[in-house]
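Step one of this worksheet: look at the structure below.
The values are calculated or read from the model by the stated rules, or taken from the named source; none is laboratory data. The model shown is predicted, which means the values in this text are computed figures rather than measured ones. Because the Cβ atoms are built from the backbone with ideal geometry, glycine has one as well, and the counts that use them run over all protein chains shown.
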Amino acid sequence: MSRIFNFSAGPAMLPADVLSRAGDELLDWHGSGMSVMEMSHRGKEFIKIAEEAEFDLRELLDIPVNYEVLFLQGGATLQFAQVPMNLLASRGKADYVVTGEWSKKAVKEAKKYCDVAIAASSEERSFTYAPKVFKTRKDAAYVHYCSNETIGGVEYHDVPQSDIPLVADASSHFLSRPLDVSKFGLVYAGAQKNVGPAGLTIVLVRGDLLGKAGKDTPSVMDYKLQADADSMLNTPATYSIYVAGLVFKWAKQQGGIPVIEKRNVEKARLLYDFLDSSAFFRNPVAKEDRSRMNVPFTLQDPKLDEDFLKGAAKEGMVQLKGHRSVGGMRASIYNAMPIEGVRTLVDYMREFERTHG
């Protein structure tokens, strides 16, 4: 079977080894006579799967023991509400950094629950860079930022300094690089980029921030209740957790996050070096803030966009169309994207420029 190069921003490519193993175990997981999709989340078989997934993730990221690992549902978007519901306590104030469409959505949701102040913004330059200095209020409950904006392709390569709990939406670069979890109050990430299939959201939360949910917070959205129930207050996304566990094992087999990061640096450099050498294609993001995972670019003549996409599809490359809010193109090159996929894309772009430039 021939597989294409899928540059989708999410749901995204999964490692072929993971898909193969999941396929082998689809009908019969380890001689149990049933699929993981059929297992009770209360049964010993699935509890073992969930425990191994948490153990492997903790090992991959060296997560401190005073942090809870939660496997939740609702996507990262639900966290836009769940974070203020759980972390505000009696403060009623939270600060937000605005670096693109996803942080704007987070602000909009948070305003339903608290007084929101903008700690930093890059809107004046069309969200093409990552502001490094955050102006936070001492009495704010936390400061929230998106550490990798999927749509705009802006990434924080260092953890910002903060005197109040730091909260990060790390969806698009989670597991793509080392993460010093101890610098955060909370980190959350949708699974469908680097972790597994859609339907799972990972939350890493410091223990002292638990137990502060507002009285109107639904039980399934209370971090402490979920932590006390090992993320099984209700039926979790069992199959997504299972596949995520396979991804964690795959990442460890590759040599861990440092090895994966090295590959991601190589892939991103290959694509950005070509973009910087081209007069036909352009990337708008400040060089020091370019995302390794999501690479937006435009053509010299937007009228050629459709021809570019059709030609790419013929060469086995799909999902290169940019987000509808910004247009242009976007190549998402997550962990599972092989270097061959990026080379194929660059070769195609070079030929397209030669024939259309």
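Points worth noting:
- Among the residues of this structure, residue 118 does not count as one that is within 30 Å of residue 253 (Cβ to Cβ), in contact (Cβ under 8 Å) with a residue 12 or more places away in the chain, in a strand (DSSP E or B) and hydrophobic (A, V, I, L, M, F, W, C).
- Residue that is farthest from residue 227 (Cα to Cα), among those in region 87-115 that are among the small types (Gly, Ala, Ser) and in a loop (DSSP other than H, G, I, E, B): 100
- The test for being of a type in the set (D, E, K, R), over 15 Å from residue 145 (Cα atoms) and in a helix (DSSP H, G or I) holds for residue 51.
- Hey, residue 332 outside the structural domain of residue 176 (by TED's automatic domain parsing), closer than 22 Å to residue 170 by Cα and touching a strand residue (DSSP E or B) at 6+ places or on another chain (Cβ under 6 Å) or not: yes
- Condition broken by residue 235, with the remaining ones in (1) in contact with a Leu (Cβ under 8 Å, 6 or more places away or on another chain); (2) under 30 Å from residue 219 (Cα atoms); (3) surrounded by fewer than 20 Cβ atoms within 10 Å (Cβ to Cβ) satisfied: (1)
- Residue in region 24-32 that is farther than 26 Å from residue 293 by Cβ, among the polar types (S, T, N, Q), crowded, with 18+ Cβ neighbours inside 10 Å and more than 20 Å from the chain's Cα centre (by Cα) present: no
- Qualifying residue in region 263-283 (condition: within 18 Å of the chain's Cα centre (by Cα), at pLDDT 95 or above and not assigned by TED's automatic domain parsing to the domain that holds residue 347): no
- Annotation note: Cβ proximity below 8 Å between a residue of region 215-232 that is of a type in the set (A, V, I, L, M, F, W, C) and a residue that is part of a helix (DSSP H, G or I) and loosely packed, with under 15 Cβ neighbours inside 10 Å (sequence gap 6+ or interchain) occurs for 225/219.
- Residue match in region 71-86 (condition: hydroxyl-bearing (Ser, Thr, Tyr) and in a helix (DSSP H, G or I)): yes
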